[in-house]
Each structure stands twice: as structure tokens, then as C-alpha cells.
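Below is one structure, written out as C-alpha cells, with a few remarks after it.
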Amino acid sequence: MYYYLRLTRSLDERLSNLYRQGKVIGGLYSSLGQEGESVASAYALGPGDLLSPLIRNLGSMLVRGAQPVEILRQYMAKATSPTAGREMNVHFHDLRQGYLGQISHLGDMVPVVAGIALSFKLRRQARVCLVYVGDGATSTGAFHEGVAFAAARGVPLVIVLEHNGYAYSTPTARQTAVARLADKAKAYGIPGRTVDGNDVLAVYEASKEYVERARGGGGPAVLEVVTYRRRGHAQHDDQRYQPKDEIAAWERNDPIERFVRHITERGWLSEDDRRAIDGRVEAQLDRAIAESEHDPLPDAGSGLSGVYLDPPTSEPLWFRSLHA
């Protein structure tokens, strides 16, 4: 678990450096401060389960089998990326590994994943779905429709509410009157719980309980993880709406440092083991960056592939007519 926490943080830092060098195409969405809940909740799933991440759930995807080189290729829009340069950041999926690419419209993945969970139930498969939503998304119609459907059908679904304080720049208290987002589960007759999102083991234990409950036919549940987004919505966001003392307080509550203290005090991780894991992560990222940086950008002529059933093999007619 420490390996994935360290990998998530280090990959995030490497991406920030690449962004400043102008090598990241589009926006960069940091998971700094939220790695703990992402890794811990994903760890609770089994091999046949399915997870739907958001832009800050890099750690969840890595746990499920996404490779750092894939993430790097995506952010740099390389032709070798999982979407062949057509999408950026974590907007891709691998159903064999068990993660589903997100829809950007927040809250919309709840009804989608509820439908997938229903298919598991109808086929009598002991499989579970887990979907992430932010605090702002809990005020959208799609979120409530999805939860209502999941509750009425009793599907095997765990909904993780990431309460990180802000919906882009809007403080949580300005978009909902509920102090604890998990209380919204009461409206649908399903369990809801709030845990410290920066306590890795607390998130894992709560997630595991709800996952096994769903697997056993208990239906959906809502898990609110209280955490904090220590960088802006994206790299271009200067965070002027976040008080500096608030950011500093949450920096002292870093989930990785808390986890390391916990496991070293109990003798579960030695200093030598930690250095070995850190070295393994850095070497892995060095290789991934060296490989992805030299990959080509997509050829413009491939732009229609995947758009039409029978993509053109030569210059499209509209292109030829412009240069006739």
C-alpha cells in the first residue's frame, strides 16, 4: 500500500514538472493530499470488481493496474497513449484491469455505474462497483437519480463521496446545507458513513466493509471521506480562494506521512524497506518518462479513425475539396 501511495505522489510531482516544461497538453489535475483515500478505497476491491475514478483518483487507477507510462502518454497526448492522443489525463479505461473512464460532467458516472452494478446482480455475479463523486457533484440531478436507482434496485455499488472542501472554487457550505454529505444517503434508505479521508487504514476498513456488504447482496452504500485538495482545481488555478492557513493545516495532516508514521511505529515498515520502495518508484518513473517523452504525437490524418464506421484510408473528400 505504501508503494502505491509513494507512486501516486511521485508521479504527480513528475507531471507538475512536465507541465512547467510545456510538455503536458491541456490541464493537469493534481491529487496532492487525496492519495490516501484513493489508494485505500481501491485496495478494498477484488479482481473482478469495477471502479470508476475521477480526475484526482490517480492512485485508484494505479492500484487497479494502470501503468505510469500510460498516464504520462495521456497527459502528453502521445499517439501511443490509450486514447491515441484524442483525450488527456485519466480519461481512459481498461475493463480487463477493472477501471472505467469517466464522463467529465460531474455526477454522471453514478447512474452509469449503477447500471453496470445492476448487470452484475442480474447475472448473479459476486462483483461490486465503486464510483467516486466530489462534494459538488452531490448537488447534481444525475447523482441523485443514480443513487435513487441504485437503492431501489439494491445493486452492489459503493459510492465514495470525496469531501475535499471545494467544488472548483465554491466552498462546500455555499452549495449544500448538509454538514455531513453521508447524511444524503438517508433519503434513499441506504447506509452512509463519514470517515477521516487522510487516515489510510480507516478508509480501507470502511471501504472493505461496504464492498463485502454489497458483494453479499446488501445493496449500495455511501462512504464520505473527508480530505483536502492542496492544489487548485487544475495547475492553472492559483488557489486565491483557499486560505493559506487552511492549506498549511492540511499539509500537516498529510495522509502519506500519517500512514508512514503508523506503520513504522508498529514495525511493519523498516527504514531500509522504505528506501528500497522509494528507489523502486523513482527508477520506474525515470524509465516511464524516458519512454513516453520520445513517443510521437498522433498523425493528423488519423483524426477520423474511430469517428466513422469505415474510416478513410486516404485524404478525406472535404480535405481534397479545400485544396482543389
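The values are calculated or read from the model by the stated rules, or taken from the named source; none is laboratory data. Predicted model only: the values in this text are computed from it and were never measured. Here Cβ is always computed from backbone atoms with ideal geometry, including for glycine, and neighbour counts include all displayed protein chains.
Based on what the data block shows, is residue 28 aliphatic (A, V, I, L, M), closer than 23 Å to residue 273 by Cβ and crowded, with 19+ Cβ neighbours inside 10 Å? Taking the combined requirement at face value, the residue does not satisfy it.
Yes/no per residue for (1) at pLDDT 95 or above; (2) closer than 22 Å to residue 226 by Cβ; (3) of a type outside the set (Val, Ile, Thr):
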site: 83; (1), (2), (3): no, no, no
site: 99; (1), (2), (3): no, no, yes
site: 127; (1), (2), (3): yes, no, yes
site: 130; (1), (2), (3): yes, yes, yes
site: 144; (1), (2), (3): yes, yes, yes
site: 156; (1), (2), (3): yes, no, yes
site: 174; (1), (2), (3): no, yes, yes
site: 180; (1), (2), (3): no, yes, yes
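Of all residues in region 29-66, those satisfying the criterion of being under 26 Å from residue 291 (Cβ atoms), in contact with a Ser or Thr (Cβ under 7 Å, 6 or more places away or on another chain) and not polar (S, T, N, Q) are 35, 39, 42, 51, 53, 56, 58, 59, 62. Where residues in region 121-143 are in a helix (DSSP H, G or I) and free of Cβ contacts under 8 Å to residues at least 40 places away in the same chain, which of them is surrounded by the most Cβ atoms within 10 Å (Cβ to Cβ)? Residue satisfying both the conditions and the ranking: 143. Of all the numbered requirements in (1) hydroxyl-bearing (Ser, Thr, Tyr); (2) farther than 25 Å from residue 18 by Cα; (3) touching a Lys or Arg at 6+ places or on another chain (Cβ under 7 Å); (4) surrounded by fewer than 22 Cβ atoms within 10 Å (Cβ to Cβ), residue 43 misses one, and that requirement is (3).
Take the conditions (1) touching a residue at least 40 places away in the same chain (Cβ under 8 Å); (2) of a type outside the set (D, E, K, R); (3) more than 27 Å from residue 10 (Cα to Cα); (4) surrounded by 17 or more Cβ atoms within 10 Å (Cβ to Cβ); residue 172 misses just one of them, which is (1).
Residues are listed down the side, and each one gets a yes or a no for (1) farther than 30 Å from residue 179 by Cα; (2) β-branched (Val, Ile, Thr); (3) more than 16 Å from the chain's Cα centre (by Cα):
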position: 65; (1), (2), (3): yes, no, no
position: 103; (1), (2), (3): no, yes, no
position: 107; (1), (2), (3): no, no, no
position: 115; (1), (2), (3): no, no, yes
position: 121; (1), (2), (3): yes, no, yes
position: 132; (1), (2), (3): no, no, no
position: 139; (1), (2), (3): no, no, yes
